[in-house]
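Working notes, structure below.
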Amino acid sequence: MESKAKAGIVIIVGNQKGGVVKSQSTNELTYNLQAMGLQTCMIDFDTTSGLTERTFPDALPLSIDKDPLGNTFTPGEANAYQLFFTDTEVNPHVLPDGRHIIGSTNELHEINYRPQDCIFDFKERISELRKHYDYIFIDSAPEYNNLLIASHLVADYLLIPTLLEKSSRIGVGKQLSYMQRIRKNYNPELKYLGTYITQANVQNYNQPLLDGYLTAVETENLQRLFDILQEKNYGPETVLAYISWVKNLAKEAIELGMTIKEYSPSSRPAQQYQELSNRIVELTQGGH
């Protein structure tokens, strides 16, 4: 890891509804930021380990699971479980593109049964990690527990991916409620960075956003999302991006172990993720 201290901006990516393309979009954004010259680390805090399995589709490295064939849990130095103890070795796994990752296995769920003061041990570990990165992205679980509280305790910003359907937009409201509660009790510096739509069914790119750009159903869901945001005192401008859904594009990229940017750099989703990445840097003052 680099010795020169960095700004270490921590961003949670979370929605209290699963299946909103959270892990894939985290992968896309961190890939872009790293390519922009910003040292980036991903931490998988979802006990389903979706980000970890997406990153290592064939087998987990020993840095995450020391003994994959053993009968006991043996977390490696790049396992998020280690972050909740003050005397463990933590050494993120380095990916070929330069990003770092601290992955997870399903045993991470055990942290939710530990005394809640373990979140303060986690805070100490993140304070040290910050010095080595411009950005740390935490892929958060869709449930209120020690893991969620810990991630909000250390974060500077919350970023919420969502689909344009009922349960996902309700998840946005719940995530904001949890953020506001934790900000009041634990982390007054935590800010809402914004929301982004991960699979927008665009009907006509030449039409206004609320009048023909999306399908009628998604337009109605978007308006209701705006209503939810308004209830939390946030305006529609906090929806930072509308990532187009392109049939089979993400599926093919994932199957090849690639980001959309690597697989199809000229596609609209690749361009839109890049624009969102630029916007994140702008809103967070570049992580410097």
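The values are calculated or read from the model by the stated rules, or taken from the named source; none is laboratory data. Worth saying up front: this structure is predicted, and the values here are computed from it rather than measured. Note: ideal-geometry Cβ built from the backbone for every residue, glycine included; neighbour counts use all protein chains shown. Ligands, DNA and RNA are excluded from the accessible area calculation, which covers all protein heavy atoms including side chains. Shrake-Rupley method; radii C 1.70, N 1.55, O 1.52, S 1.80 Å.
Residue by residue through the stretch 77-96, note down the ones that are farther than 22 Å from Ala59 by Cβ and surrounded by fewer than 20 Cβ atoms within 10 Å (Cβ to Cβ). Correct list: Phe85, Thr86, Asp87, Thr88. Number of residues in the stretch 97-122 that are open to solvent by less than 50 Å² (accessible area, probe 1.4 Å), of a type outside the set (A, V, I, L, M, F, W, C) and within 19 Å of the chain's Cα centre (by Cα): the value is 6.
Being open to solvent by 70 Å² or more (accessible area, probe 1.4 Å), closer than 27 Å to Ile111 by Cβ and either touching a residue at least 24 places away in the same chain (Cβ under 8 Å) or in contact with an Asp or Glu (Cβ under 6 Å, 6 or more places away or on another chain) (or both) is the requirement here; does Glu231 meet it? It is false that Glu231 is open to solvent by 70 Å² or more (accessible area, probe 1.4 Å), closer than 27 Å to Ile111 by Cβ and either touching a residue at least 24 places away in the same chain (Cβ under 8 Å) or in contact with an Asp or Glu (Cβ under 6 Å, 6 or more places away or on another chain) (or both).
Once the stretch 143-183 is narrowed to residues that are part of a helix (DSSP H, G or I), polar (S, T, N, Q) and within 14 Å of the chain's Cα centre (by Cα), the residue that is farthest from Gly18 (Cα to Cα) is Ser151. For Leu129, the conditions (1) out of contact with any Cys (no Cβ under 8 Å at 6 or more places or on another chain); (2) part of a helix (DSSP H, G or I) all hold with the exception of (1). Suppose we keep only residues that are acidic (Asp, Glu) and in contact with a Lys or Arg (Cβ under 8 Å, 6 or more places away or on another chain) within the stretch 112-148. Which one would you say is nearest to Ile182 (Cα to Cα)? Here the answer is Asp139.
Considering Arg54, Arg125, Arg130, the condition of being within 24 Å of Gly19 (Cα to Cα), of a type in the set (D, E, K, R) and open to solvent by 20 Å² or more (accessible area, probe 1.4 Å) is satisfied by Arg54 alone.
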